[in-house]
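Just below is one structure, and these are the notes that go with it.
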There are 2 protein chains.
Amino acid sequence: MSARKLPVNKFPKQGRATFRLPFTTVDVVIFSVLEDALCILLVRRPSGDAEPYPGKWALPGGFVNVDVDITLEACATRKLAEKTGVSTSYLEQLGSWGGADRDPRGWSATHVYFALIPAEHIQLERGANAADVSWFDVDKFVNETDLAFDHSSILATAVERLRSKVEYTSLPAFLVPEPFSLPQLQRVYEIVLGRSIDKSGFRTRMLAADFLVEDVYLDGTSNRPAMGYRLRDRSMPVLFPRNLGR
Amino acid sequence: MSARKLPVNKFPKQGRATFRLPFTTVDVVIFSVLEDALCILLVRRPSGDAEPYPGKWALPGGFVNVDVDITLEACATRKLAEKTGVSTSYLEQLGSWGGADRDPRGWSATHVYFALIPAEHIQLERGANAADVSWFDVDKFVNETDLAFDHSSILATAVERLRSKVEYTSLPAFLVPEPFSLPQLQRVYEIVLGRSIDKSGFRTRMLAADFLVEDVYLDGTSNRPAMGYRLRDRSMPVLFPRNLGR
DNA sequence: TGCCCTAGTTGCGCTGTGCAACTTATAATT
DNA sequence: AATTATAAGTTGCACAGCGCAACTAGGGCA
């Protein structure tokens, strides 16, 4: 949202029938796995006197456009596509943050979604200011980067939620391009969780959950060819009856 | 929110620096267990020509008041207290619903929380129109009652979320007044889930999770006195490593 | 005192997991 | 062509938690 189009939350007095409205925004926490690391996409805030947090890194997002966005989720999908070119991905609502102080321009509430996309599908925004969109390693760079608004806190919540759900869901399957082998999937689990997992237990667990369908053998990626799998249903993750152990 | 104070989402044209803002509301799904049934609190929409869904039952909630509410959660707490007199309870964000069509007055987004309160703490709103606030048995009446706005859908999501989390958390402990016995707690689990649970497994599970502290023996509630427990930490539920079994 | 009811315990089999050793299939090397 | 290295995938075993069912413990009530 550039400086040319600043919203105003003051109303004309109109009888006794008016009051001020908060700003409504949508932000997206976009996760992917790049080079064996869990990463998120950040964008740089525009510079300018009227801009809040100019030059700071922030979650991609912005004001809901009531003339374009039919729903909040459609708005999130639009913002995801604008930054990554990815149109289909796993998208889940993370929650909402709202209050008087989180945006210097006034009372605002943001609806936050988080997306999981396979690295291979990404076509980062090109052109004018491509340098202002970048991937950040969650473990290496995120803690030492303070983001605009309350986005540091939102991001922390998102990472916490992702890690917690990975313990008992098939979510990491949305981070790896199909078809994938079980060892590849296991590696993603390990990267997200930051710890190693037992191989045989992992295999039985995944196959018992019955959310994978066999595809083609994957040659050339390692020594012995591995069975390639696809998701039976890309619209929803599977819930396991137990957490991962150890 | 009565008809005397209707918000307007039209802005004065002011250079090229304005656009319309969505309405921002907060709704609360208030759960309790009354007479061995999982219930939620609903309020009746006011009647009047300018009112949407006049006379229909709806979730308690309304517009965020930027002059009063510091945060969304504070707003939810306020609305909970206004309807029930309960000031402390378990309160969790459920999610947000927003779009062009969910409110006939215009583009709106609601931030929904859900609260768990013990029946004994409740002092329903008295006075003027107490008949317009009422408890509904989730299983008996809710499916056949169609609520205002998209509240039926929101409520369904809330029930689903509660039931799903009860499988692996100590959430039902927030629905029963302290001190409580393990059989009492188990009964609440069974009421929420709608199925019976094995006694011995339940006990080991609860005690192993180490979130209960022994209080006083509860005499007179049944034949044999039962150990009474309190929560070690009322601020957070405990997560179990496994779901409840069949 | 004897019966009933509810609280709480005990024993046993099953299942899924952690751990570690093993087999199988290919690529790279000699 | 045989050998070695490496990753995929399997097997066996001990252990922990749960479902199931029978049991003991403690108090009310006739």
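The values are calculated or read from the model by the stated rules, or taken from the named source; none is laboratory data. This structure is a prediction, so every number in the text was calculated from the model and none was measured. Cβ atoms come from the backbone with ideal geometry, glycine included; neighbour counts cover every protein chain shown. Heads up: the accessible areas ignore ligands, DNA and RNA and are worked out on the full protein's heavy atoms, side chains in. Shrake-Rupley method; radii C 1.70, N 1.55, O 1.52, S 1.80 Å.
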If A:K199 satisfies every condition in (1) surrounded by fewer than 16 Cβ atoms within 10 Å (Cβ to Cβ); (2) in the same structural domain as A:S89 (by TED's automatic domain parsing) but one, which is the exception? (2)
When you go through (1) within 14 Å of chain A (Cβ to nearest Cβ); (2) at pLDDT below 90 one by one for B:T88, which number turns out not to apply? (1)
Just wondering, is there one or more residues in the range B:110-121 that are more than 30 Å from B:M227 (Cβ to Cβ) and open to solvent by 50 Å² or more (accessible area, probe 1.4 Å)? no
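Residues to consider are A:R246, A:R242; find the one that is surrounded by 13 or more Cβ atoms within 10 Å (Cβ to Cβ), of a type in the set (K, R) and near DNA strand C (Cβ under 10 Å from one of its atoms). Quick ask: steps written out before the conclusion?
On the way: A:R246 fails: surrounded by 13 or more Cβ atoms within 10 Å (Cβ to Cβ).
Just a single option satisfies the conditions, and that option is A:R242.
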B:F141 is checked against (1) within 15 Å of DNA strand D (Cβ to nearest atom); (2) of a type outside the set (D, E, K, R); (3) surrounded by 15 or more Cβ atoms within 10 Å (Cβ to Cβ) and fails just one. What number does that condition carry? (1)
Residue list for the range A:180-196, filter: within 11 Å of DNA strand C (Cβ to nearest atom) and either in contact with a strand residue (DSSP E or B) (Cβ under 7 Å, 6 or more places away or on another chain) or open to solvent by 80 Å² or more (accessible area, probe 1.4 Å) (or both): A:S196
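Does B:T18 qualify as being within 14 Å of chain A (Cβ to nearest Cβ) and at pLDDT 95 or above? Walk me through it before giving the result.
Details: within 14 Å of chain A (Cβ to nearest Cβ): yes; at pLDDT 95 or above: no.
No: the conditions fail for B:T18.
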Residue list for the range B:18-55, restricted to those being among the charged types (D, E, K, R) and buried (at least 18 other Cβ atoms within 10 Å of the Cβ): B:D27, B:R45, B:E51
Report the residue count in the range B:218-233 for those that are open to solvent by 100 Å² or more (accessible area, probe 1.4 Å) and modelled with pLDDT of 95 or more. 1
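Of all residues in the range A:91-119 being among the β-branched types (V, I, T) and within 13 Å of chain B (Cβ to nearest Cβ), which is farthest from A:V238 (Cα to Cα)? Lay out the reasoning, then the answer.
Step one: filter the range A:91-119 for residues among the β-branched types (V, I, T), giving A:110, A:112, A:117.
Remaining after also requiring within 13 Å of chain B (Cβ to nearest Cβ): A:110, A:112.
On the way: A:T110: 28, A:V112: 22 Å.
Top of the filtered list is A:T110.
Looking only at the range B:171-202, how many residues end up being more than 24 Å from B:S89 (Cα to Cα) and more than 9 Å from DNA strand D (Cβ to nearest atom)? If you could, list the steps in order and put the result at the bottom.
Here is the first cut: in the range B:171-202, the ones more than 24 Å from B:S89 (Cα to Cα) are B:195-202.
If we keep only those that are more than 9 Å from DNA strand D (Cβ to nearest atom) too, we end up with B:195.
Number satisfying all stated conditions: 1.
Do we have B:R205 as touching a residue at least 24 places away in the same chain (Cβ under 8 Å), within 14 Å of chain A (Cβ to nearest Cβ) and either more than 9 Å from DNA strand C (Cβ to nearest atom) or of a type in the set (V, I, T) (or both) here? Let's see the steps before the verdict.
Working: touching a residue at least 24 places away in the same chain (Cβ under 8 Å): yes; within 14 Å of chain A (Cβ to nearest Cβ): yes; either more than 9 Å from DNA strand C (Cβ to nearest atom) or of a type in the set (V, I, T) (or both): yes.
The answer is yes for B:R205.
Please count how many residues of the range A:208-246 are polar (S, T, N, Q) and either in contact with a Lys or Arg (Cβ under 6 Å, 6 or more places away or on another chain) or touching a residue at least 40 places away in the same chain (Cβ under 8 Å) (or both).
Residues of the range A:208-246 polar (S, T, N, Q): A:221-223, A:235, A:243.
Checking the rest, the ones that are also either in contact with a Lys or Arg (Cβ under 6 Å, 6 or more places away or on another chain) or touching a residue at least 40 places away in the same chain (Cβ under 8 Å) (or both) come to A:221, A:243.
Looking only at that region, the number is 2.
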Looking at this structure, is B:L80 assigned to a strand (DSSP E or B) and either open to solvent by 50 Å² or more (accessible area, probe 1.4 Å) or away from every other protein chain (no Cβ under 14 Å) (or both)? no
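Tell me, please, whether a residue that is open to solvent by less than 70 Å² (accessible area, probe 1.4 Å), in contact with a Lys or Arg (Cβ under 6 Å, 6 or more places away or on another chain) and part of a strand (DSSP E or B) can be found in the range A:59-72.
Filtering the range A:59-72 down to residues open to solvent by less than 70 Å² (accessible area, probe 1.4 Å) leaves A:59-66, A:69, A:71-72.
Okay, now just the ones that are also in contact with a Lys or Arg (Cβ under 6 Å, 6 or more places away or on another chain), so A:60-61, A:66.
Retained after the next criterion (residues that are part of a strand (DSSP E or B)): A:61.
Yes, some residue in the range A:59-72 is open to solvent by less than 70 Å² (accessible area, probe 1.4 Å), in contact with a Lys or Arg (Cβ under 6 Å, 6 or more places away or on another chain) and part of a strand (DSSP E or B).
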